[in-house]
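The values are calculated or read from the model by the stated rules, or taken from the named source; none is laboratory data. Computed from a predicted structure; not experimentally measured. Cβ placement follows ideal geometry from the backbone for every residue including glycine, while neighbour counts extend to all protein chains displayed. These area figures cover heavy atoms from the full protein model, side chains too; ligands, DNA and RNA do not enter into them. Shrake-Rupley method; radii C 1.70, N 1.55, O 1.52, S 1.80 Å.
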Amino acid sequence: CQFEYFEASDHIGRLALFLLDKCKAEEYRSCIYMTFGVVRSWSVHIEQSLDNHLHGFHVGMQTGNIEAALMNVFNYLINSFICGRNLVKLNRELDSFGGKALEYKQMAVHNLICLMQLVVSTLLISNDSPSLIGSQNTETKVLLERVTEGKDTFAICHVYILGYIEAYIFGEYELAAKMVEKRQEVEKNMSRRCFYFGMLAFYDGLVFLAMARKTNDDKWTLRAEKALSKLESFVQIGKANCEHKLFLLQAETKSLLGENENAISKYDSAIAVAGKNGFIHEQAIASERAGDFFLRNGDSRASQYYGNSNTLYLQWGAQCKADHLCKNLPF
């Protein structure tokens, strides 16, 4: 997958599962599920990986492969976030599995779970500091210092991944753009990059398009075009995970170019397909961006799209974001 040979990776993963069952080598199941669950999520809906990762956790704990067990837990939790599972339920699982990682002294996984908890908690609960990086909370500062001092590049990368997603959702586009650049610097020192089934190309594109609109600087438009092109290739691999993401980037691009009728069509497609495939959080984002579009163009339909977005954020469990949206509406 690192080299984007997704079909070959899927074939090798299926072969590994076949040999696992044929040889009854149960002690390797946790490791194989840890890897194949990630590979498989490129070609099928991400949600289909969740049961395998949970099973990999239980088998790993039973066979004594604690490290693989807890990495399955992380994959389960991050994939749950990516596919838009309810944040209230996810927060409970983060708390439970975080305690398990601490109990077994799996500090790398524990740190990653704590980072996720910070973002999920902010989306859940209204507060005045919606930025993972900008937070003045002492606990947050200690966690970030622990991650950076430990030189865990994977965890440091996730500080910026989770941080810029959160910053974008709360409309802090300049901060989000800075985090993208910091993430890309960290990635230069990593043996493998994180793609997360098109999620990073999606949020990269959204951030770059927001900055292009804000600054009129062509560099952001060019970077957005690259992200959109990357997402187009991902749609060919996993349509269920990426099609709505592509529609929204296309909508934002058409809006930026002043192609309003095409933009409306793409916004509506993004909203419909995200809903069909169960990505409720990205359906909410698409509805909010459509509301922004109609507001910019003095169209009364803005209130309808904002209202739908607010309802969807609440269904996701993002009370804080729903409050933020209502607070910042001009009507």
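Picking from residues in the range 116-130 that are under 17 Å from the mean Cα position of the chain (by Cα) and either of a type in the set (D, E, K, R) or farther than 18 Å from residue 99 by Cα (or both), the one that is modelled with the lowest pLDDT is 130. Filtering the range 157-172 to residues that are within 12 Å of the chain's Cα centre (by Cα) and either among the hydrophobic types (A, V, I, L, M, F, W, C) or not in a helix (DSSP H, G or I) (or both) leaves 161, 162, 165, 169. Between a residue in the range 82-110 that is on the phi > 0 side of the Ramachandran plot and any residue that is among the β-branched types (Val, Ile, Thr) and open to solvent by 20 Å² or more (accessible area, probe 1.4 Å), which pairs come within a Cβ distance under 6 Å, given they are 6 or more apart or on different chains? Short answer, once both residue conditions are applied: 84/280. Being open to solvent by 60 Å² or more (accessible area, probe 1.4 Å) and in contact with an Asp or Glu (Cβ under 7 Å, 6 or more places away or on another chain) is the filter here, so list the residues in the range 147-200 that pass it. Hit for the range 147-200 is 193, nothing else.
When the range 261-308 is limited to residues that are within 22 Å of the chain's Cα centre (by Cα) and not in a helix (DSSP H, G or I), the one that is surrounded by the fewest Cβ atoms within 10 Å (Cβ to Cβ) turns out to be 278. Taking the conditions (1) surrounded by fewer than 18 Cβ atoms within 10 Å (Cβ to Cβ); (2) at pLDDT 95 or above in turn, residue 82 satisfies each one other than (1).
Remark: pairs (first residue in the range 179-193, farther than 17 Å from residue 165 by Cα; second residue in a loop (DSSP other than H, G, I, E, B) and open to solvent by less than 100 Å² (accessible area, probe 1.4 Å); Cβ separation under 7 Å; 6+ apart in sequence or on different chains) = 192/2.
Entry remark, the range 85-130: residues being open to solvent by 20 Å² or more (accessible area, probe 1.4 Å), in contact with a Leu (Cβ under 6 Å, 6 or more places away or on another chain) and not polar (S, T, N, Q) number 4 in total.
The single condition among (1) at pLDDT 95 or above; (2) farther than 22 Å from residue 76 by Cα; (3) open to solvent by less than 60 Å² (accessible area, probe 1.4 Å); (4) hydroxyl-bearing (Ser, Thr, Tyr) that residue 203 does not satisfy is (2). What are the pairs with Cβ atoms under 6 angstrom where one residue, in the range 16-42, is within 18 Å of residue 70 (Cβ to Cβ) and open to solvent by 40 Å² or more (accessible area, probe 1.4 Å) and the other, located anywhere, is β-branched (Val, Ile, Thr) and at pLDDT 75 or above? Sequence gap at least six, or different chains. Sorted first by the residue in the range 16-42, then by its partner, the pairs are 27/63. The numbered conditions (1) over 21 Å from residue 44 (Cα atoms); (2) in contact (Cβ under 8 Å) with a residue 60 or more places away in the chain are all true for residue 241 except (1).
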